[in-house]
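Report on one structure; see the data block that follows.
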Amino acid sequence: MRFAVDTWAPDYGSALDAAALEPAASEPNLDVEVPVADWTPQRPRDAPAPRVLFVDGVRRIDARVWISGDDGRTSLGVAASYAAGVVGCDGRARLLAARVRRGLFTPAPGAEAIVTRHGVYEPRMVDGDTAEQLAAGLQQRMGELEARAADEVDEPPRASTDRILVVDGPLFGRQHVPGAVGYVKTHRVGYLPSPAQPVVAALAPGQRTPLFALTDRRWSRYSWYTRLPGDEGHPWAGVVRCESSADLDPAAAARLADRVTATLPRFASAPHKDPRAPQNLYPIAGMERELASRLGDGALLYRALRAAAT
């Protein structure tokens, strides 16, 4: 018997659940860069970017709350803290922007801000009070805060053309940012049909697949898979998926994909330092820790919310 141990720590689930991959909403266009019959691993034809910005966010539910209206109806909500930031890397890493917000996520009409000794939770309307709807509302607001943080980074024009901006997660909502690339660490959807999947398994570290185009009800984008350096394991070990704006012409998207593929390996984490290695890049992991500390003490905020409810 032969087997491989995934370097991704089991406490975080799995980066790839091949048995539970959801089908893509629509068939991808695989002929963007080369015809699908000619798909092979691609070696980047561009040098690493001299400057890289990483954008990420964190969130935490501080308390679950029940909100009663004047009409006697009761709705579930969550009081949550969330933050977004930007780290710049050009030989050293620096935190360029960090923003923290607190919100009361609920469908209750007429919901008011919850004022506590340690923070104000502003009302944020969501579609319903199921756990999924509340989480989606919180995720949306965190994504919007990430986009604002990226927009606020003030750089000279030349720096913005020489850089790439890596967004942790799908690019949706941030595709207007110049040079932005979505960075997806976990695989939940099977985008490639069977004939193209062996190309992913054949990738060496620092190689990528050809571009393919994805379109669903919300938006369109280019995408590609690339493998990061790390311990060998199963065929998708160290593989991440990247996204870029569909507003680029295919040649420009291919150049961006080459530059991203050449750039990311130097930021890949090692298993003895990060339980989600190599996909959880060092700048993203460091920013997550910093942003989490800026959310404040969760137990203190919970007690403050309890006190405000009395």
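All of the numbers you see were taken from the coordinates with simple rules; none came from a lab. If you're wondering where the values come from, they're calculated on a predicted model, not measured in any experiment. Positions of Cβ are generated from backbone atoms using ideal geometry, with glycine treated the same way; all protein chains shown enter the neighbour counts.
The long axis of helix 131-151 is offset from the longest Cα principal axis of the chain by roughly 70 degrees.
Would you kindly calculate the mean projected area, averaged across all directions, of the convex hull enclosing the Cα atoms of segment 227-295, in square nanometres?
Dividing the Cα hull surface by four gives the mean projection, 6.3 nm².
Assuming charge only on the beta carbon of Lys and Arg (+1) and of Asp and Glu (-1), the dipole of the chain about its Cα centre is about 780 debye to the nearest 20.
Which of the peptides 267-275, 69-77, 47-55 is most tightly packed, and how do the rest follow, judged by the mean count of other Cβ atoms within 10 Å per residue? Please report the intermediate quantities before stating the final value.
Details: 267-275: 15.6, 69-77: 12.7, 47-55: 20.0.
Highest-to-lowest ranking by the protection proxy: 47-55, 267-275, 69-77.
Which percent, nearest 5, of DSSP beta bridges in segment 12-309 are antiparallel? Display every interim value, and only then the final one.
On the way: 49 of 65 bridges.
Bridges in segment 12-309 that DSSP calls antiparallel: roughly 75 percent.
For segment 67-135, the normalised intensity computed at q = 0.16, 0.23 Å⁻¹ comes to -0.63, -0.97 (log10 of I(q)/I(0), Debye sum over alpha carbons, equal scatterers, no solvent).
The distance from the alpha carbon centre of segment 257-310 to that of segment 54-93 is 14 Å, rounded to a whole number. Axis of helix 298-309 versus longest Cα principal axis of the chain: the two differ by about 30°, to the nearest ten degrees.
Can you give the helix-only mean residue ellipticity at 222 nm for the chain, where every DSSP H stretch with n ≥ 4 adds -39500 (n - 2.57) and the sum goes over all residues, rounded to the nearest 500 deg cm²/dmol?
Working: 6 runs with 71 residues, N = 310.
Value at 222 nm, helices only, nearest 500: -7000 deg cm²/dmol.
Over all distinct Cα-Cα pairs of segment 12-309, the Kirkwood formula returns a hydrodynamic radius of 20.6 Å.
Which of the peptides 128-136, 179-187 is most tightly packed, and how do the rest follow, judged by the mean count of other Cβ atoms within 10 Å per residue?
Numbers: 128-136: 14.9, 179-187: 20.7.
So the order, starting with the most tightly packed, is 179-187, 128-136.
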